[in-house]
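Participant: My questions will all concern the structure given below.
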């Protein structure tokens, strides 16, 4: 099944409210004898025998004459996440043995038995409602919102919690096959990504996993991940990162590779689309999409390198196209990291190699991998220092024997001096409380604050204006005190002068 077919099937399943099936044989029309699924994309479902002028969605058999042409309506209450039935009949509607009032309503729970007409009468219609939310743990907890992206084996959707719609997640739906053929993508293959995420969970530069659900009836696995704002491809498609940001990204990716290497995991598909930005300031990235992860559980010295072949051509190590024995499996991720940084710096819209990649035919790929070379001259226009260029040359070396490993790259001074959050969690800044500095000020403050302010003052924030006004008030008060002291000193000096004149002799 193609990615678009998987996505269409998922959307039909996400919007399913439940299913109405006949209680007895002959209760529904022969075209609906297996039941009718209900979806939230439709506001109301009319139940009845119908006629030439009435369109009903749930068709009752015409022999059930106690059921009206528009006997009842089933609708969806999105706010309460409930399915409601409303009576519109002449002969009454019963839900679990309780008769509804005329035009009365009732909430349909899972396995609710509904009778259109007196219960168990031969000419009444009986039906059973199967609630999808009670039977499905994913739909019971999450509300699907929209599609984020689709791939070969599934798709990623944004979903919110039904109890708190402000909390959103990225839910990856992985579809697998039940066949045991050699090329079949089985449940065991699909669970590799889940196991890898749980084992690598806790590293600040690897995407965390919240939980997962296995639904055998749909042959699907639902992986709940944090909803990250953007990836490197979306962020840097039009504007390349600075060398400082590239230095930070490189160190964080190498830190993630070192952690995966300890766990004997190989990602095999590192590229800008699979690297997500956790925070922009400080810059922190995480590696995600472990759909092609490989667990090293056996020696691979005698295994041909092309057995491990997968990934995106621009970032895939050239030895993965050869028939020679694989020597350094972890170094294929080092090559991908190096080419990712190079491609980001020169621009994602430009070809990083001297030969264009035209098609994915086997003969063309062999020729392309064997003759391609990095266009290092494109880095001359960037502010990348020579030490950074040396690291990228070592990581993107075509020969795996000469290619740098993670430890050597991390020991490089240019990488070690990067400002980043590798190895420790990002501290989220707390919200600063607002303080109104104009409160509890002396009585002269209001008069001062009411002065007409110039254009520069009007553009300032309320907090800054409060500080400026208080300072102005204090300054004016102190100036008034100084003036009063000077005035008092002058009066005192004048009195002393007058006394001296009175005491002076007349002949002087």
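Participant: Suppose the filter is surrounded by fewer than 24 Cβ atoms within 10 Å (Cβ to Cβ) and touching a residue at least 40 places away in the same chain (Cβ under 8 Å); does residue 309 pass it?
Facilitator: No: the conditions fail for residue 309.
Participant: Please name all residue pairs, on different chains or six or more residues apart, with Cβ atoms under 7 Å, provided the first residue is in the stretch 90-117 and is free of Cβ contacts under 8 Å to residues at least 12 places away in the same chain and the second residue is in a loop (DSSP other than H, G, I, E, B).
Facilitator: Between residues of the stretch 90-117 that are free of Cβ contacts under 8 Å to residues at least 12 places away in the same chain and residues that are in a loop (DSSP other than H, G, I, E, B), the close pairs are 99/92.
Participant: Taking the residues in the stretch 240-279 that are free of Cβ contacts under 8 Å to residues at least 60 places away in the same chain and within 15 Å of the chain's Cα centre (by Cα) as candidates, determine which candidate is farthest from residue 194 (Cα to Cα).
Facilitator: Across the stretch 240-279, the extreme among qualifying residues is 277.
Participant: If you don't mind, another one. Looking at (1) in the same structural domain as residue 108 (by TED's automatic domain parsing); (2) under 40 Å from the mean Cα position of the chain (by Cα), which one does residue 48 not meet, given that it meets all the others?
Facilitator: Exception for residue 48: condition (2).
Participant: With in contact with a strand residue (DSSP E or B) (Cβ under 6 Å, 6 or more places away or on another chain) and surrounded by fewer than 22 Cβ atoms within 10 Å (Cβ to Cβ) as the only criterion, which of 362, 350, 372 stands out?
Facilitator: 372
Participant: Out of everything in the stretch 358-382 that is under 33 Å from the mean Cα position of the chain (by Cα) and either over 24 Å from residue 239 (Cβ atoms) or not assigned by TED's automatic domain parsing to the domain that holds residue 305 (or both), what residue ends up being modelled with the highest pLDDT?
Facilitator: Residue satisfying both the conditions and the ranking: 358.
Participant: I need the full set of residues from the stretch 151-162 which are out of contact with any strand residue (DSSP E or B) (no Cβ under 7 Å at 6 or more places or on another chain) and buried (at least 18 other Cβ atoms within 10 Å of the Cβ), in order please.
Facilitator: none
Yes or no, residue by residue, for (1) crowded, with 16+ Cβ neighbours inside 10 Å; (2) within 19 Å of residue 326 (Cα to Cα):
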position	(1), (2)
256	yes, no
275	yes, no
294	yes, yes
301	no, yes
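Participant: Turning to a different aspect of this structure: Within the stretch 51-114, which strands (runs of 3 or more DSSP E) (wholly inside it) include 2 or more residues that are over 30 Å from residue 142 (Cβ atoms) and in contact with a strand residue (DSSP E or B) (Cβ under 6 Å, 6 or more places away or on another chain)?
Facilitator: It comes to 93-95.
Participant: Filter the helices (runs of 4 or more DSSP H) completely within the stretch 319-411 down to those with at least 2 residues that are touching a residue at least 40 places away in the same chain (Cβ under 8 Å) and over 24 Å from residue 274 (Cα atoms).
Facilitator: 362-371
To keep it simple, each residue is scored yes or no on (1) modelled with pLDDT of 95 or more; (2) within 23 Å of residue 154 (Cβ to Cβ).
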{"residue": "229", "(1), (2)": "no, yes"}
{"residue": "235", "(1), (2)": "yes, no"}
{"residue": "258", "(1), (2)": "yes, no"}
{"residue": "272", "(1), (2)": "yes, yes"}
{"residue": "287", "(1), (2)": "yes, yes"}
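Participant: Only one of these is closer than 23 Å to residue 120 by Cβ and outside any strand (DSSP E or B): 24, 42. Name it.
Facilitator: Residue meeting the stated conditions: 24.
Participant: Identify, from the list 12, 42, 34, 21, the residue that is touching a strand residue (DSSP E or B) at 6+ places or on another chain (Cβ under 6 Å) and either within 24 Å of residue 77 (Cβ to Cβ) or at pLDDT 90 or above (or both).
Facilitator: Exactly one of 12, 42, 34, 21 is touching a strand residue (DSSP E or B) at 6+ places or on another chain (Cβ under 6 Å) and either within 24 Å of residue 77 (Cβ to Cβ) or at pLDDT 90 or above (or both), namely 21.
Participant: More than 34 Å from the chain's Cα centre (by Cα) and within 27 Å of residue 218 (Cβ to Cβ): is that true of residue 129 in this structure?
Facilitator: yes
Participant: Return the total of residues in the stretch 244-256 being in contact with a helix residue (DSSP H, G or I) (Cβ under 7 Å, 6 or more places away or on another chain) and modelled with pLDDT under 95.
Facilitator: Number of matching residues: 0.
The values are calculated or read from the model by the stated rules, or taken from the named source; none is laboratory data. Note that the structure is predicted; figures quoted are calculated from it, not measured. Using ideal geometry, Cβ is built from the backbone for each residue, glycine included, and neighbour counts are taken over all protein chains shown.
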